[in-house]
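Comments concern the structure below.
The values are calculated or read from the model by the stated rules, or taken from the named source; none is laboratory data. From a predicted model like this one, the values you see are computed outputs, not experimental measurements. For neighbour counting, all protein chains shown are included, and Cβ atoms are generated from backbone atoms with ideal geometry for every residue, glycine included.
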Amino acid sequence: MAARRALSGAIESVLIPLVMVKDHIPFPLMDFFSTMFRKVLSVAYPYNEITINEYRGQYMQRDELYTAAEAYLSSACSSRARKLKAELGKDSDMPVLTIDDDEEVTDTFKGTRVWWYTRKRPAASFSSITFYPKNEDSKYYRLSFHKRRRKLIEDEYLKHILQEGRGATMHKRQQRLFTNNPSSHY
C-alpha cells in the first residue's frame, strides 16, 4: 500500500508541472520529448499492434479484412465477450451477434494469445465539400500480440482470420432459389 502511494505521488509530481508548463514549451522541443518517450516506451513495452480499419482508401470502400475479422470474431470469440450488439441481418429472422464497440476479446492461435479491441474514431467536426462525405464514426479493430510472435501473426494468423471469416460469412449467407418464372408474382 505504501509503495502504491509513493508511485502515485511520483507520477503526480511529474504530471502536474508538465500540464502547467505544456503550453509554454516550444513545439519542436515538445515533439522531441514525445518522440523520445515513445522510443523508451517501445523498448519497455513488449507488444505490437495491428490496426484494421473498416474503410480503406479515399472512396470509403469497406475493407475485406475488416469484414472477415468481424465475421470471425462474432463466430469464434463472441462467447467470451461481455458486451455484444444484436443486429437483424438482411432478409433474416435471426439476429446476428457482433462484438460491441470498446470491447476486448482474447483469442488463442497455436499457443499464442492475442487481444482484439474494437474502437471508434469520432468523425471530423469540420465540414468540407466532397462527393464522399464522411459523416459517421469510423470503426477499427486493433490486434495486440507479443513482439516475439510477430512472424506467426503476420504469416499465419491473418491468413487464418481471412479464411475463417470468409467461411463464416458464406455459412451465414442465406441461399436464394431463382426460377425462370416470367410472371411478377412469386
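A few remarks follow.
- Residue selected from the range 114-129 under the condition at pLDDT below 75 and among the hydrophobic types (A, V, I, L, M, F, W, C), by the criterion surrounded by the most Cβ atoms within 10 Å (Cβ to Cβ): Ala123
- Scoring Met36 on the criteria (1) without any contact (Cβ under 8 Å) to a residue 24 or more places away in the chain; (2) surrounded by 13 or more Cβ atoms within 10 Å (Cβ to Cβ); (3) not in a strand (DSSP E or B) leaves a single failure, condition (2).
- Single residue of the range 42-65 satisfying the filter (more than 13 Å from the chain's Cα centre (by Cα) and among the hydrophobic types (A, V, I, L, M, F, W, C)) that is nearest to Ala168 (Cα to Cα): Met60
- Residue check for Met20: at pLDDT 80 or above, out of contact with any helix residue (DSSP H, G or I) (no Cβ under 8 Å at 6 or more places or on another chain) and not acidic (Asp, Glu): no
- Thr179 being at pLDDT 70 or above and among the polar types (S, T, N, Q): no
- As for the range 66-78, it holds no residue that is free of Cβ contacts under 8 Å to residues at least 60 places away in the same chain, farther than 17 Å from Met170 by Cα and either of a type in the set (Asp, Glu) or not assigned by TED's automatic domain parsing to the domain that holds Arg150 (or both).
- Residue under evaluation Ser8, criteria (1) surrounded by 10 or more Cβ atoms within 10 Å (Cβ to Cβ); (2) assigned by TED's automatic domain parsing to the domain that holds Lys139; (3) part of a helix (DSSP H, G or I); (4) at pLDDT below 80, criterion not met: (2)
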